[in-house]
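This report refers to the structure that appears directly beneath it.
The values are calculated or read from the model by the stated rules, or taken from the named source; none is laboratory data. The structure displayed is predicted, hence computed values, not measured ones. No Cβ is skipped: glycine too gets one built from the backbone with ideal geometry, and neighbour counts run over all protein chains shown.
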Protein chains: 2
Amino acid sequence: MSEDTLKKAIKSAEESKDKGDLITNKQDAIAQGLELVEKSAICMLGTNGDDGFPNIKAMLNLKHKGLKKIWFSTNTSSRRVQQIKKDNRACVYYVDEKNFKGLMLVGTIDILQDVESRKMLWMEGAEVYYPLGVEDPDYSVLCFTTKSGNYYHGLKNITFEIE
Amino acid sequence: MSEDTLKKAIKSAEESKDKGDLITNKQDAIAQGLELVEKSAICMLGTNGDDGFPNIKAMLNLKHKGLKKIWFSTNTSSRRVQQIKKDNRACVYYVDEKNFKGLMLVGTIDILQDVESRKMLWMEGAEVYYPLGVEDPDYSVLCFTTKSGNYYHGLKNITFEIE
């Protein structure tokens with residue numbers, strides 16, 4: 001797998017070099033980053049774990065408002081929620097591995113348990129995760145708020161703030 | 001995208017519930033985790049970024065030794081290398097988004113610049129990243145060493161140590 005992976009990456013990097021910069025300014029980076037968010041089924045959530053080690057977990061990409069807010073559904077009893085209660089600094093990462101594009105958003109997370117937020121992300125069948133339904137105390141909504149982001153495509157990457 | 005994603009996730013979770021536990025012990029988790037590493041083209045590297053915020057970046061999955069060691073190629077001048085110099089605590093994450101499987105490995109990273117390590121990951125064409133070739137001072141090898149891991153499939157996850 002690895003040789004093939006590197007070959008493809010090199011080919012894509014060479015093509016991106018030939019084409020010139022694929023992202024030239026912050027507006028491009030934000031627009032292309034948003035496109036990546038919109039077509040992603042999952043994203044990776046990074047949190048500060050025990051003993052100062054970073055942790056990563058894949059989350060379903062359920063709802064977002066531009067690049068400023070991203071909502072996740074999770075179990076209140078999960079290790080992730082316990083970590084966020086202690087330290088709400090986080091990052092969210094979206095990747096298109098076929099086209100060598102990636103978006104990292106850095107920000108903070110709020111843990112929500114109000115009925116409105118719970119209903120917003122609920123779907124028929126979600127009892128498989130939260131047996132007691134939409135009011136299950138083990139059902140929490142995470143709301144991530146972006147401070148800054150970094151988008152890359154090929155060899156180029158651009159950092160931006162999100163107001 | 002989001003409704004469809006959640007539907008698929010619910011269906012997969014229900015199937016996994018019907019089948020019973022897909023991973024029953026640490027040996028299963030390690031074996032299935034290794035399988036995921038072997039078929040992955042990329043993985044996500046988590047590091048401690050500025051101001052205590054976690055950072056994530058996709059890396060090419062080039063070489064590994066079981067689940068104990070993972071090697072990456074990167075630019076010495078990259079933000080990632082500067083972060084690791086200050087704090088070498090890290091995690092590596094592999095995901096199979098179609099089958100709802102994921103592996104998180106937690107450990108530390110060494111930055112290597114010896115000729116042997118450089119040659120180990122080198123490939124014809126890699127000059128697109130490191131124009132001066134295998135001895136380019138801007139070419140570094142990262143060696144990640146695992147302390148512990150967590151593998152999940154469906155609704156079940158298992159944590160293990162790697163000696």
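Side notes on the structure shown:
- Residue check, B:Cys91 more than 21 Å from A:Asp4 (Cα to Cα) and modelled with pLDDT of 95 or more: yes
- Considering only residues in the stretch A:123-137 that are within 22 Å of B:Asn157 (Cα to Cα) and part of a loop (DSSP other than H, G, I, E, B), the one that is nearest to the other protein chains (Cβ to nearest Cβ) turns out to be A:Gly125.
For (1) free of Cβ contacts under 8 Å to residues at least 60 places away in the same chain; (2) crowded, with 17+ Cβ neighbours inside 10 Å, each residue gets a yes or a no:
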residue	(1), (2)
A:Asn75	no, no
A:Lys85	yes, no
A:Asn88	yes, yes
A:Val92	yes, yes
A:Ile111	yes, no
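- In this structure, A:Asp28 does satisfy being at negative phi and at pLDDT below 95.
- So B:Tyr130, is it buried (at least 20 other Cβ atoms within 10 Å of the Cβ) and either in contact (Cβ under 8 Å) with a residue 60 or more places away in the chain or in contact with a Leu (Cβ under 8 Å, 6 or more places away or on another chain) (or both): no
- Answer from A:Thr108, A:Thr76 - the residue that is among the polar types (S, T, N, Q) and under 17 Å from the mean Cα position of the chain (by Cα): A:Thr108
- If you go through the stretch A:138-163 and keep only what is part of a strand (DSSP E or B) and small (Gly, Ala, Ser), you end up with A:Ser140, A:Ser148, A:Gly149.
- Enumeration of residues in the stretch B:20-66 that are more than 13 Å from the chain's Cα centre (by Cα) and touching a residue at least 40 places away in the same chain (Cβ under 8 Å): B:Asp21, B:Leu22, B:Ile23, B:Asn25, B:Lys26, B:Asp28, B:Ala29, B:Ile30, B:Gln32, B:Asn48
- Of all the numbered requirements in (1) within 19 Å of A:Ser40 (Cα to Cα); (2) among the acidic types (Asp, Glu); (3) surrounded by 13 or more Cβ atoms within 10 Å (Cβ to Cβ), B:Asp28 misses one, and that requirement is (1).
- Verdict on B:Lys68 being touching a strand residue (DSSP E or B) at 6+ places or on another chain (Cβ under 7 Å) and modelled with pLDDT of 95 or more: yes
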